[in-house]
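Enquirer: Please see the structure below; I have some questions.
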Amino acid sequence: MMALRTVLPALLLLSGLAAVLAQTAAPGIACEAKNATNCEECLSNVTCLWCIATKSCVTYPVRTILPPHALCPLNDARWGLCWMNFQTLIITLAVLGAVLIIAFMVCLFCCCKCESFGSQRFEAKMQRQEQKTRTKQEERRAEMKQRHDEIRKKYGLSGQNPYSRFA
């Protein structure tokens, strides 16, 4: 079982490295060779970027996260999907990211609030239980006192305690 825990991640790491090295070692057809084609054919290679304004297929500039305006305006750049431009992609991802962050914060706030509410409820329950125990104890004390008084009466010991004057 322990060997499986170490072998499986090692195999996954090796296969991932092999895939990366295979892509960098043999990039295949250069993107610039597909300039005379259409968007779908250009984007069949993941490393390519299609520019609608110039109708050219260029290699995606990985050093800069977004393609520079000189290469292709964001509104005209297509990568991955021909029908979605970079501007739409950035706005969509920003909105989704904001929604996820807000949802996480709301969940975090609700969980903390519910947890404190739960502890308040638990404390109230413990106080009620303590009050019940105290009431039962007082009742038992009263019953024991009554029993002791009855026993004293029965044996004629109900008078004043002779030692009370020394106290």
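The values are calculated or read from the model by the stated rules, or taken from the named source; none is laboratory data. Please read these numbers as outputs of a predicted model, since none were measured by experiment. When we count neighbours, we look across all protein chains shown, and the Cβ atoms used for this are built from the backbone with ideal geometry, even at glycine.
Enquirer: Condition first: closer than 30 Å to L157 by Cα and aliphatic (A, V, I, L, M). Now tell me which residues in the stretch 95-147 satisfy that.
Expert: A142, M144
Enquirer: Can you name every residue in the stretch 112-167 that is of a type in the set (A, V, I, L, M, F, W, C) and either assigned to a helix (DSSP H, G or I) or at pLDDT 95 or above (or both)?
Expert: C112, C114, F117, F122, A124, M126, A142, M144, I151, F166
Enquirer: Please indicate, with yes or no, whether at least one residue in the stretch 23-31 is modelled with pLDDT of 85 or more, of a type outside the set (F, W, Y) and surrounded by 12 or more Cβ atoms within 10 Å (Cβ to Cβ).
Expert: Among the residues of the stretch 23-31, at least one is modelled with pLDDT of 85 or more, of a type outside the set (F, W, Y) and surrounded by 12 or more Cβ atoms within 10 Å (Cβ to Cβ), which makes the answer yes.
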